[in-house]
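Please read the structure below before turning to the comments.
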Amino acid sequence: MTFMPSMVVSIFFLLLPFFLMFLLFRWQTVGLIIFLFLLAIGIIILIRLIVSWYYNAFLITNERVILYRQKGLFNREVSEVEYQKIQDVAYYFKGLWQTLFHFGTLKIQVLSSETVIKVEKIHRPAQIQNIVKNIQKNKNTKREEDCLKSLILL
């Protein structure tokens, strides 16, 4: 659901040249250039979508929280924070679609810093917030078994 708008745009640009094919080919060279240009735009958007989907990851381990975020084709950002450095974990839903489909944003505030790790368009952020808080609480009380049980439930 989170990639639906980009997928619709990609499919639109991939199918549009074929619907206009007869009109564009009547224009000969100019039509062929427009046909290939629209097709290339659709392919580029689709490749960008696939790369973004494949390389984005949010990992919760028993030691830290790690966010791999792929922005575009050649821009990658990795953020990680240990549980002892987490000050606050919050989530929110923005808009009708996110509320209906339970996709929201999870915000992790780092202790003594302005740094905020934002995981956008994540499914069921309330459950993930509870898991992170439980692991953090269990890490503070040094109960390693409970941390591992929380990870297994995820």
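Taken together, the values in this text are just the output of simple stated rules run on the coordinates, not laboratory data. Being a predicted model, the structure only gives us computed values, none of them experimental. Please note: Cβ atoms are built from the backbone with ideal geometry, for glycine as well, and neighbour counts cover all protein chains shown.
Brief remarks follow.
- Relative contact order (%) - the chain, alpha-carbon pairs under 8 angstrom, separation at least six: 15
- Comparing mean-square fluctuations of Ser52, Ser113, Ser79 from a GNM of the chain with C-alpha springs under 10 Å, the top value falls on Ser113.
- The Cβ shell under 9 Å around Val119 holds other residues with a net charge of +3, Lys and Arg each +1, Asp and Glu each -1.
- Loop-resident chymotrypsin sites (Phe, Trp or Tyr not before Pro) (DSSP state other than H, G, I, E or B) in the range 1-79 with no more than 16 further Cβ atoms inside 10 Å of their Cβ: Phe3, Trp27, Phe74.
- Here the convex hull built on the C-alpha positions of the chain has a volume of 127 cubic angstrom per residue.
- Within a Gaussian network of the chain (alpha carbon springs, distance under 10 Å), most fluctuating of Arg64, Arg26, Arg48: Arg26
- Treating r as the C-beta distance of Leu16 and Thr99 and R0 as 30 Å, the FRET efficiency rounds to 0.40.
- Ranked by how many other Cβ atoms sit within 10 Å of their own Cβ, fewest first, the residues Tyr92, Tyr83 fall in the order Tyr92, Tyr83.
- Per-residue packing, averaged as other Cβ atoms within 10 Å, sorts the ranges 122-128, 94-100 into the order 122-128, 94-100, beginning with the highest.
- Rounded tilt (10° steps) of 125-140 against the dominant C-alpha axis of the chain: 30
- C-alpha long axis of helix 144-153 to longest principal axis of the chain, angle in °: 30
- In the range 4-54, the ratio of gyration radius to Kirkwood radius, Rg to Rh, stands at 1.09 when only Cα atoms are counted.
- Selection from Ile131, Phe101, Ser52 lying farthest towards where the dipole of the chain points positive, charges on Cβ: Phe101
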